[in-house]
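Here is the structure we will look at.
Laboratory data are not the source of any read-out in this text; all were calculated from the coordinates shown. Since this is a predicted model, take the numbers as computed values, not measurements. Note: ideal-geometry Cβ built from the backbone for every residue, glycine included; neighbour counts use all protein chains shown.
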Protein chains: 2
Amino acid sequence: MTMANERLQEVVHSLKSTKIRMTPQRHAILEFLYDSMSHPTADDIYKALEGKFPNMSVATVYNNLRVFKEVGIVRELSYGDSSSRFDCVTSDHYHVVCSDCGKIVDFHYPGLDEVESLAEHVTGFQINTHRMEIYGKCPDCAPISRH
Amino acid sequence: MTMANERLQEVVHSLKSTKIRMTPQRHAILEFLYDSMSHPTADDIYKALEGKFPNMSVATVYNNLRVFKEVGIVRELSYGDSSSRFDCVTSDHYHVVCSDCGKIVDFHYPGLDEVESLAEHVTGFQINTHRMEIYGKCPDCAPISRH
DNA sequence: TCTTTAATTATAATTCTTATAATTAAATAT
DNA sequence: ATATTTAATTATAAGAATTATAATTAAAGA
């Protein structure tokens, strides 16, 4: 069993204790999110699952992503482009985004906790979390540099 | 003359040397952006200026924000919520966002250059820039805590 | 198996943003 | 100061992403 599947099992189990019902569509959406290393849009998910669920509505995808967000197992990311991307909340990592082709790569880096605490002091906010993206050109899009 | 107006003058002057023409609408949009400490949406700007320009089209606001972005004097920020926000590019700062009411406060912090260089090594991207948001509840939205 | 109530579906409606074509106006040359 | 060129504005329509609605279906627990 893969790591992704283990986490999926945990999440499915933890949802059992809530009012939130487990449906085949929900399971499939979660499964797709946990298996994929990409950061799919709602439409990506919809398209990926239309083979298995030919009658599934786009609204179902959106509804469930919202539910997952509310429970805190999924995060919504919006970059410059038109549609939001969705990501399982796992261990802390940041994202490196290609400004040409939009590819997103995970980047592990120790959490910037001191930024949060400083922001808390300076602004008077009660800080919960933060998010960082690093932008550049991926190897495929960058001109080949020699040195 | 305020700091904001000084910067506005500079920008207007620098646009003179390009093909980009200065129009009253453009000037008003820039003025509004430089004066406002908030991070308005396109619609905020449109509404704020409809008194002065009753016939201005929303398209004009969007068009000009795109132009300003291309020239590099304005930055587009997209958070989870529906519409993008726009911000004058000034000195480096980050944003603290209230997850309840959406208020955005600037947060000055030394640029995280080492994050960029590490990301460059780890991912092979040619990194240009990064962006960080810190999320929490603003003083108005946070429950009053006593300690 | 029955009952309750949440989830799904299909569809319409909204919202944000961009495209189009005609008109207007800035900048520059005359 | 006027004419010319060409970019900017306007009004409108179109597009895409997301959300709302109402009827139907199906999970979970009794």
**Item:** the protein assembly as shown - charge dipole about Cα centre, Lys and Arg +1 at Cβ, Asp and Glu -1, debye rounded to 20
**Value:** 880
**Nm distances between copies for B:S82, ranked from closest, using label points 7 Å along Cα→Cβ** = 1.7
**Item:** Residue-span extension gain [A:H121 to A:D140] - 0.36 nm each, minus C-alpha spacing
**Value:** 2.6 nm
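Any of B:K19/B:K52; A:K52/A:K103; A:K69/B:K137 with alpha carbons more than 22 Å apart? Name them for me.
Numbers: B:K19/B:K52 26 Å; A:K52/A:K103 26 Å; A:K69/B:K137 17 Å.
Pairs exceeding 22 Å: B:K19/B:K52; A:K52/A:K103.
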**Prompt:** Over the Cα atoms of chain A, Rg to Rh with Kirkwood Rh, two decimal places?
**Reply:** 1.02
**Prompt:** What net charge do the residues around B:P40 carry, taking every other residue with its C-beta under 11 Å from that of B:P40, with Lys and Arg at +1 and Asp and Glu at -1?
**Reply:** -2
**Fill in**
For the stretch B:1-72, listing trypsin sites (Lys or Arg not before Pro) in a DSSP loop whose Cβ sees at most 16 other Cβ atoms within 10 Å gives B:K19, B:R21, B:K52
**Message:** Rounded, prolate or oblate, given the Cα gyration tensor of the stretch B:10-85, with a/c below 1.5 counting as rounded?
**Reply:** oblate
**Request:** Report the label-to-label distance for B:K47 and A:K47 in nanometres (one decimal), using points 7 Å from each Cα along the Cα→Cβ vector.
**Result:** 3.5
**Prompt:** For the stretch A:91-140, what is the charge dipole size about the Cα centre, in debye to the nearest 20, if Lys and Arg each add +1 at the Cβ and Asp and Glu each add -1 at the Cβ?
**Reply:** 180
**Prompt:** Which Cα, out of A:A142, A:C101, A:F32, lies furthest along the positive dipole direction of chain A (beta carbon charges, K/R +1, D/E -1)?
**Reply:** A:F32
**Fill in**
So, in nm and shortest first, the distances from B:L118 to its counterparts in the other copies, with label points 7 Å along Cα→Cβ, work out as 1.5
**Message:** As a test, work out the antiparallel percent of DSSP beta bridges whose residues both lie in chain B, rounded to the nearest 5.
**Reply:** 70
**Message:** Could you give the length gained by full extension between B:Q9 and B:E31, i.e. 0.36 nm per residue of separation minus their alpha carbon distance, to one decimal place?
**Reply:** 7.0 nm
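So how strong a dipole does the stretch B:3-88 carry about its Cα centre when Lys and Arg Cβ are +1 and Asp and Glu Cβ are -1, to the nearest 20 debye?
Around 380 debye, computed over the stretch B:3-88.
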